[in-house]
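The values are calculated or read from the model by the stated rules, or taken from the named source; none is laboratory data. Everything numeric in this text was worked out from a predicted model, so none of it was measured. So basically every Cβ, Gly included, is an ideal-geometry build from the backbone, and we count neighbours across all protein chains shown. Please note that ligands, DNA and RNA were not included when accessible areas were found on the heavy atoms of the full protein model with its side chains. Shrake-Rupley method; radii C 1.70, N 1.55, O 1.52, S 1.80 Å.
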Amino acid sequence: VGRLSEQDVTLLRRAIRLAMSGRGHVEPNPMVACVIARDGRVIGEGYHAQFGGPHAEPTALARCEEDPRGATAYVTLEPCCHTNKKTPPCAPRLIEAGIARVVIGCLDSNPAVNGNGVAMLRAAGIVVDPAAPERADVQAEAKQLIAPFLLRHSHHQPYVTMKWTQTSDGCVSLYHSPLRISSPAGRKLVHELRARCDAILVGVHTAWIDNPMLTVRHVPQVRTPRRLVVDTELRLPHESRLIASAGEVPTTFFCATATASTPRAEALRRAGVQVIGVPELFSQEGISLLHVLRELPDVTHLLVEPGPTLAESFFNTGLVDRLWVFRSRTVLAGPHGLAAADIPPDFVETGTLAAGDDELTEYLNPKSPAFFAATPSADFVLARSPVV
Ligand SMILES: NC(=O)c1ccc[n+]([C@@H]2O[C@H](COP(=O)([O-])OP(=O)(O)OC[C@H]3O[C@@H](n4cnc5c(N)ncnc54)[C@H](OP(=O)(O)O)[C@@H]3O)[C@@H](O)[C@H]2O)c1
Ligand SMILES: [Zn+2]
């Protein structure tokens, strides 16, 4: 007989779903939740709701409707045991509360924890059952939940979500002019996604033709994402809204290394824009996207809102982790349409949902180092049903 019952798996998945409620508020920490149950009956649960705020385990313990002594705690991530951080460690809290068994989604790769949380619990006589190896599928779901956090720590680069909206005939705009494609419901989802990301990146053509603000509107503002533009020669006119508003909203331009020390770069800096030079890539268009990502140490989630050119470059470099495509059911571009980039054929679909007149489909890149399971992301689940 295995150590994990179907009931254990159900409660662990409940914790994974609950953890998603912290999306947008806890980064750069991972989303974590804890469900406490006795004989399969939930007696308390909680999630990490705010960066710097209490962890999931003490919240769940505090919310228990009855004494948790002898109960089982289901945690999406190995409980922490280190003291060099904002909040007291969770493993001792579970021990003090008399928890008899802890079921863990995945271990914490943070070297200060990584197995030490499990060891501390076991030393106190608690039965600890990690999902893997017996239920490697559920461990993979627990890792997928925190894929951006794991990527940030293992590869020192942001998790890249690419998003575009296309017409019913597969176009993203007209040649050389924008086209309003998304429905109000689709736009709201985009702004919610923006509000949970740390930065938004566009190519210079989009900055020029669409003249976007790339700010968060019509939804609660969780944070202000930094606006990023890849512009090899810094050609974008200073009248553009991105440059004109750089004094109010943090804005960074990435250009070729040599361009970063030209008078054009200096003029941009005087306008309040941060300018960063990165190597050009002669094998493809523009500057090295990998170098761009490496220049973003504070970004866990990067949202790319590309035209077809930038989309193709990102696909070619293999740096896209997740793709959201909104498909209009009503808008047609006609013969003057600019076709969307081709979605790599190996990308796996995790789901589709209706947003007004649009349909949103999520895809994950199975070759990404941050791919563990073909399950819908927290953002997608929240878009489908925001209330837990
Ligand atoms: N429907 C939608 O969701 C949506 C979203 C965005 C845009 N659009 C539409 O897309 C159109 C613009 O798309 P686009 O394909 O022409 O341009 P784009 O992707 O917005 O920008 C491409 C430009 O970015 C610069 N760049 C720098 N480094 C790059 C790199 N590594 N890879 C690729 N580009 C790099 C290049 O110009 P330099 O060499 O001069 O630096 C390149 O030509 C607009 O009409 C806009 O309305 C639609
Ligand atoms: Zn903790």
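Here are a few things to note about the model shown:
- Count - residues of the range 262-296 that are open to solvent by 80 Å² or more (accessible area, probe 1.4 Å), under 17 Å from Arg226 (Cα atoms) and in a loop (DSSP other than H, G, I, E, B): 1
- Taken as a whole, the condition of being in contact (Cβ under 8 Å) with a residue 60 or more places away in the chain and within 24 Å of Asn116 (Cα to Cα) does not apply to Ala97.
- Subset of the range 90-115 that is at pLDDT below 95 and within 12 Å of ligand 2 (Cβ to nearest atom) - its residue that is surrounded by the fewest Cβ atoms within 10 Å (Cβ to Cβ): Ala112
- Among the residues listed as Phe347, Phe282, the single one being free of Cβ contacts under 8 Å to residues at least 40 places away in the same chain, within 13 Å of ligand 1 (Cβ to nearest atom) and not charged (D, E, K, R): Phe282
- Filter pass, Glu248 being open to solvent by 20 Å² or more (accessible area, probe 1.4 Å), near ligand 1 (Cβ under 10 Å from one of its atoms) and not in a helix (DSSP H, G or I): no
- Answer residue from the range 116-147, given it is among the small types (Gly, Ala, Ser) and surrounded by 21 or more Cβ atoms within 10 Å (Cβ to Cβ) and is nearest to ligand 2 (Cβ to nearest atom) among those: Gly117
- Of all residues in the range 195-246, those satisfying the criterion of being of a type in the set (D, E, K, R) and free of Cβ contacts under 8 Å to residues at least 40 places away in the same chain are Asp210, Arg217, Arg227, Asp231, Glu233, Arg235, Glu239, Arg241.
- Qualifying residue in the range 110-131 (condition: free of Cβ contacts under 8 Å to residues at least 40 places away in the same chain, of a type in the set (Val, Ile, Thr) and assigned to a strand (DSSP E or B)): yes
- Selection count where residues are surrounded by 20 or more Cβ atoms within 10 Å (Cβ to Cβ) and out of contact with any strand residue (DSSP E or B) (no Cβ under 6 Å at 6 or more places or on another chain), scope the range 1-22: 1
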